[in-house]
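Enquirer: Sharing a structure below in structure tokens format, with a few things to ask.
Every number in this text was worked out from the coordinates using simple rules, so none of it is lab data. Keep in mind the model is a prediction, meaning the values are calculated, not measured. Because the Cβ atoms are built from the backbone with ideal geometry, glycine has one as well, and the counts that use them run over all protein chains shown.
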Amino acid sequence: MAANLSKLAGQVAIYGISSVVARLLNYLLVPYYTRIMSPAEYGVITDIYALIPFALVVLTLGMESGYFRFAAKASTTEERSKVYGSTWGAVLLAASLFLVGMVAFNGPISAAMGYSGTPYVATTALIIFFDVAGAIPFARLRQEGRALQYVAVRLFSVVVNIALCLWFYNGQPQWFRLFDNPTNPGYAIVANLVASALSFVALLWLSKGGKPRFSGRVLRTIFLYSLPLLVSGIAGTANEFIDRQMIKFLMPAEESLAALGIYGAVVKIGVVMLLFTQMYRLAAEPFFLAEFKKDEFKNSNAEVMKYFVIVSLLIFLFITLFADLFALIVGPDFREGMYILPMVLVGNALSGVVLNLSFWYKQSGATKYAIWITGTGLLFTVVFNILLVPTLGYAGAALARLICECAMVVVSYRLGQRHSPTPYDLRRIFSYVVVAAAMWGLSLLTAHLPAVPHYVANTLLVGGFALWAIRREGIRIGALVRSVLRRK
């Protein structure tokens, strides 16, 4: 099991480094946007980019997990080729039908979203098309261990996006003006479109030897496996992004876009926690969905859960104890929402716990349970947003998200222990949570100190937690580094 965990740690680090670099580059746009745009203008970006992940989940049809599962089970190159061609063909067809529909009904859809007379919806539809069309080729790079190519395409897309945004908002010639207002959020959407299109072209070049083709038998088998994941994915993505729509439509119209902009900016500060979960998912999903002996799978999953919680708590402490410095990332008009940051971070961490608790049913093929889990989360999200947003504003949305994630953790754990009992060390995990909470509480007592002793005290708290966890778990940092360096 130690060898498997070392392999997973190396994969997480490889994908993590690339994701960190890509996100940090993209992150440069947050302080830029929040200083040149008003909260209402940035609210448009928050609104649009909350809808893109939802569309991606719907249109990829749950095929990414299906591809990992059945490509790993394929015994020949021909079988793997059929799995790839069938999943990619299905996703391409879905993306094409979506684009045709959005173009045909662009007017009514734009009016319903409050963006009549703008190209926002049509441009976003093109972004979604290219991102969906590239989903399975990206999954193939991960499944085949072609990490460097995966990283290269991702970084290329980010660099293009950033370069175009900077050019659009600062220095483009007058004759190239796309919008009357130089800070119009439409420029950001256009830059994303170009980056997504070029990224897809790069993926086509890397996918030589593979093409979309339908095998009815293969596609039927994969779709039966993926359908529950699709339904749960829709509910799960709604859990994460419906709060933006609730803010937009449950708050007074004259306040909603500005509130949405502030909320979106603060959520961006919590991206480090989401980044860790994302890079973990990139490595862990193909790892845990490969063939495993039952007991080995359970023991590995239990051990990984503990380490995931430890790292999540360390990230939480680092960000919350230095929240005043992280607040400088966004413009002054957005910092009033920093008080919701702890709720955002805990919600993001619990989302990663739910991911860990999902591997048992994905690995066993009992994907129907995903619907129960994410359906519960969606119910809690909708109910508590309706109850809290009208009175608490965007703070109510953050609290509703936290409650939703707690509910999904409970349901996931109960179902998992009933159908696939896993020896999670709950006592040890809980001890880390208690110590981290105590250190956060202690940090609040140092808030009145001058800057230097305040930061020194908080550094000691974060460093103390990290060293305590490393010694308690017997983590060998040198061995972990060697695992990353030796990975091809």
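Enquirer: Taking Cα centroids, how far is segment 305-374 from segment 405-452 in Å?
Expert: That distance is 11 Å.
Enquirer: Would segment 119-193 count as rounded, prolate or oblate if I go by the C-alpha gyration tensor, calling it rounded below 1.5 in a/c and otherwise prolate when a/b exceeds b/c, oblate otherwise?
Expert: Working: a/c = 4.65, a/b = 2.00, b/c = 2.32.
It is oblate, given that a/c is not under 1.5 and a/b is not larger than b/c.
Enquirer: Here's something else I'd like to know. At 7 Å along Cα-to-Cβ for each site, give me the label-to-label distance between LYS208 and VAL433 in nm.
Expert: 5.2
Enquirer: How much of the calculated P(r) for the chain lies past 30 Å, in percent of all Cα pairs?
Expert: Details: 57719 of 118828 pairs.
Tail fraction, whole percent: 49.
Enquirer: Arrange LEU379, LEU313 by Cβ neighbour counts within 10 Å, fewest through most, would you?
Expert: Values: LEU379 14, LEU313 24.
Lowest to highest Cβ neighbour count: LEU379, LEU313.
Enquirer: Additional query: With a ≥ b ≥ c taken as the square roots of the eigenvalues of the C-alpha gyration tensor of segment 111-237, please select rounded if a/c is under 1.5 and otherwise prolate if a/b is larger than b/c or oblate if it is not?
Expert: oblate
Enquirer: Put a dot 7 Å past each Cα toward the Cβ at GLU144 and LEU325; how far apart are the dots in nm?
Expert: Each label point is offset 7 Å from its Cα along the Cβ direction, giving 4.2 nm.
Enquirer: Then there's this: If each of TYR339 and THR221 carries a label point 7 Å out from its Cα toward its Cβ, how far apart are those two points in nm?
Expert: 5.7
Enquirer: Something else now. Calculate the length of the line joining the C-alpha centroid of segment 31-60 to that of segment 202-278, in whole Å.
Expert: Comparing the Cα centres of segment 31-60 and segment 202-278, I get a distance of 12 Å.
Enquirer: Now a separate question. Sort 318-330, 177-189 for me by packing, meaning the mean count of neighbouring Cβ atoms within 10 Å per residue, highest on top. Walk me through the intermediate numbers first.
Expert: Values: 318-330: 17.8, 177-189: 16.3.
Highest mean packing first, the order is 318-330, 177-189.
Enquirer: List the aspartates and glutamates whose Cα sits under 15 Å from the Cα of LYS306, skipping any in the same chain fewer than 8 residues away.
Expert: ASP425, GLU473
Enquirer: Beta carbons within 10 angstrom, averaged per residue: use that to sort the peptides 227-234, 95-102, highest first.
Expert: Numbers: 227-234: 21.2, 95-102: 15.9.
Descending mean neighbour count gives 227-234, 95-102.
Enquirer: So, by mean Cβ neighbours within 10 angstrom, what's the order for 437-444, 29-36 with the highest one leading? Could the numbers behind the result be given before it?
Expert: On the way: 437-444: 14.4, 29-36: 18.1.
Listed from highest to lowest mean packing, they are 29-36, 437-444.
Enquirer: Excluding PRO31 itself, calculate the net charge of residues whose Cβ lies under 13 Å from the Cβ of PRO31, where each Lys or Arg counts +1 and each Asp or Glu counts -1.
Expert: Values: positive: ARG35, LYS268, ARG335; negative: ASP333.
Cβ neighbours under 13 Å give a net charge of +2.
Enquirer: Over 21 Å between C-alpha atoms is what I'm after, so list which of LYS82/LYS211; LYS73/LYS298; LYS73/LYS362; LYS298/LYS362; LYS268/LYS362 land there. Could the numbers behind the result be given before it?
Expert: Working: LYS82/LYS211 9 Å; LYS73/LYS298 19 Å; LYS73/LYS362 14 Å; LYS298/LYS362 13 Å; LYS268/LYS362 30 Å.
Where the Cα-Cα span goes over 21 Å, the pairs concerned are LYS268/LYS362.
Enquirer: What does the helix-only formula give at 222 nm for the chain: each DSSP H stretch with n ≥ 4 adding -39500 (n - 2.57), the total divided by the residues, and the result rounded to the nearest 500 deg cm²/dmol? Don't skip to the answer; put the middle values down first.
Expert: Values: 21 runs with 399 residues, N = 488.
Here the helix-only value at 222 nm equals -28000 deg cm²/dmol.
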